[in-house]
Amino acid sequence: MSVERGHGAVLHALAALILVIGVGWWWRAAPHPAVDRRLVDWRQSAEQLLPDIGDHEMSNTLALEAEAGHEEVVDVEQGEFLISVVCAGSDGSRVRVSLGEGSGRGLRCSGSRTPETFTVTLVNELRLKVSVESTGPVVFRYALQRSNG
């Protein structure tokens, strides 16, 4: 009877080993998505130019393709806010940032980049629209902070 248990234990151990080897092979053989190193660098640059600080109500970093548009909608309490925006991208890349339906403000994503900050009064929500011009991709970052003034 103990010989049968020994054979059973060996079979179970071999089955477990085969399973582990199969999962390892499958994991290594699975395709990994290509990472655009430029986007990683631009994200890091945007986050350094506009870092998270304790008094931000909200901040977000977005990777956007050429000629893409994105709308960010955030619920807020009524009040006056500072919105800071920055983007990073290849030479000649630009985005247009607007609140609501206005024409917005152009923002250069290459060369010397500094965050632009403007004050707005919001009632219930922030509706931030970002449009990338023909040169892309870009990384766009914004931060929303309650105004002290």
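The values are calculated or read from the model by the stated rules, or taken from the named source; none is laboratory data. Computed from a predicted model, the values in this text were never measured in an experiment. A quick note on method: Cβ atoms are made from the backbone with ideal geometry, for glycine too, and the neighbour counts reach across all protein chains shown. Just so you know, the surface numbers come from the protein's heavy atoms only, side chains and all, with ligands and any DNA or RNA stripped out. Shrake-Rupley method; radii C 1.70, N 1.55, O 1.52, S 1.80 Å.
Descriptive notes on the structure:
- Scanning segment 1-19 for residues that are β-branched (Val, Ile, Thr) and surrounded by 10 or more Cβ atoms within 10 Å (Cβ to Cβ), we see that the one that is modelled with the lowest pLDDT is VAL10.
- Residue list for segment 21-45, restricted to those being aliphatic (A, V, I, L, M), in a helix (DSSP H, G or I) and exposed (fewer than 10 other Cβ atoms within 10 Å of the Cβ): ALA29
- Meets criteria (open to solvent by less than 100 Å² (accessible area, probe 1.4 Å) and either outside the structural domain of LEU128 (by the TED database) or without any contact (Cβ under 8 Å) to a residue 24 or more places away in the chain (or both)) for LEU64: no
So that you can scan it fast, the table gives a plain yes or no per residue for (1) in the same structural domain as ASP41 (by the TED database); (2) without any contact (Cβ under 8 Å) to a residue 60 or more places away in the chain; (3) touching a strand residue (DSSP E or B) at 6+ places or on another chain (Cβ under 9 Å); (4) not hydroxyl-bearing (Ser, Thr, Tyr):
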{"site": "LEU82", "(1), (2), (3), (4)": "yes, no, yes, yes"}
{"site": "VAL86", "(1), (2), (3), (4)": "yes, yes, yes, yes"}
{"site": "VAL95", "(1), (2), (3), (4)": "yes, yes, yes, yes"}
{"site": "LEU107", "(1), (2), (3), (4)": "yes, yes, yes, yes"}
{"site": "ARG113", "(1), (2), (3), (4)": "yes, no, yes, yes"}
{"site": "THR119", "(1), (2), (3), (4)": "yes, yes, yes, no"}
{"site": "ASN124", "(1), (2), (3), (4)": "yes, yes, yes, yes"}
{"site": "ARG127", "(1), (2), (3), (4)": "yes, yes, yes, yes"}
{"site": "VAL132", "(1), (2), (3), (4)": "yes, no, yes, yes"}
